[in-house]
Amino acid sequence: MDLQLLGPVEATLDGRPIPLGATKQRALLAMLALEANAAVAVDRLVDGLWGEDPPATAAKMVQLYVSQLRRLLAGNGAEILTRGRGYELRVPAEAVDAARFERLVEQAGSANDHAREALALWHGPALADVADEPFAGVEIRRLEGLWLRAAELAVDRDLAGGRDQEALAQLERLIEEHPLRERLHA
């Protein structure tokens, strides 16, 4: 199973999409996937889904979404476990594209092409279809910051490899999109 967060929230098994349900349910899966293999408290899930004004039934709704997601993910290489007053999405480390992306950016340097490999994982704006949910803004900014870092590393790699024209074209586009980013100007 693969979980994609670097674009619309999607799950696939052997290339086939798994229907994830309504926006709040997909948002819940995204929150769990961003912290895969670690418990996330129900209170934090409620805050992430409804912000400061949750409905009185918010905890029950989280429980319902988890139940529905458990059915959808059953037998597909992922499971949601109850951990005290929280839930844990148990998946292989490489199942979540955002986790792979972060690992590749950390490993990127002038001697390898991990930055380009990381950038290739993106298929649209991060968390695109749940961007309006309360939890999403902070995560989107964090992931976009990492994307920009990977883009800078890719430009560095091009320059180090003598691909000045490719680097210049990419750099001009990045400066236009991020005019206040000092490292790009340097």
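The stretch between residue 128 and residue 85 holds 12.6 nm of extra length on full extension. This uses 0.36 nm per residue minus the Cα-Cα distance. Which one, 99, 72, 29, projects farthest toward the positive side of the charge dipole computed for the range 1-117 from Cβ point charges (K/R +1, D/E -1)? After comparing all options, I get 72. The orientation-averaged projection of the convex hull spanning the C-alpha atoms of the range 95-185 amounts to 6.4 square nanometres. Only DSSP H runs of four or more residues enter the estimate; each adds -39500 (n - 2.57), and after division by the residues of the chain the mean residue ellipticity at 222 nm equals -16000 deg cm²/dmol.
Classify the range 1-86 as rounded, prolate or oblate, taking a ≥ b ≥ c as the square roots of the eigenvalues of its Cα gyration tensor: rounded when a/c is under 1.5, otherwise prolate if a/b is larger than b/c and oblate if not. Note, shape of the range 1-86 comes out prolate.
Against the chain, whose longest principal axis is taken from its Cα atoms, helix 58-73 shows a tilt of about 70°.
The distance between label points at residue 24 and residue 106 comes to 3.4 nm (points 7 Å beyond Cα on the Cα→Cβ vector). In a reduced charge model with +1 at each Lys and Arg Cβ and -1 at each Asp and Glu Cβ, the chain shows a dipole moment near 720 debye about its Cα centre. Using the Cβ-Cβ distance between residue 149 and residue 37 with R0 set to 22 Å, the FRET efficiency from 1/(1 + (r/R0)^6) comes to roughly 0.35.
Just so you know, all these numbers are worked out from the coordinates, no wet-lab data involved. What you see is a predicted model; the values in this text were computed from it and never measured. Methodologically, a virtual Cβ is constructed for each residue, glycine included, from the backbone with ideal geometry; neighbour enumeration extends over all protein chains shown.
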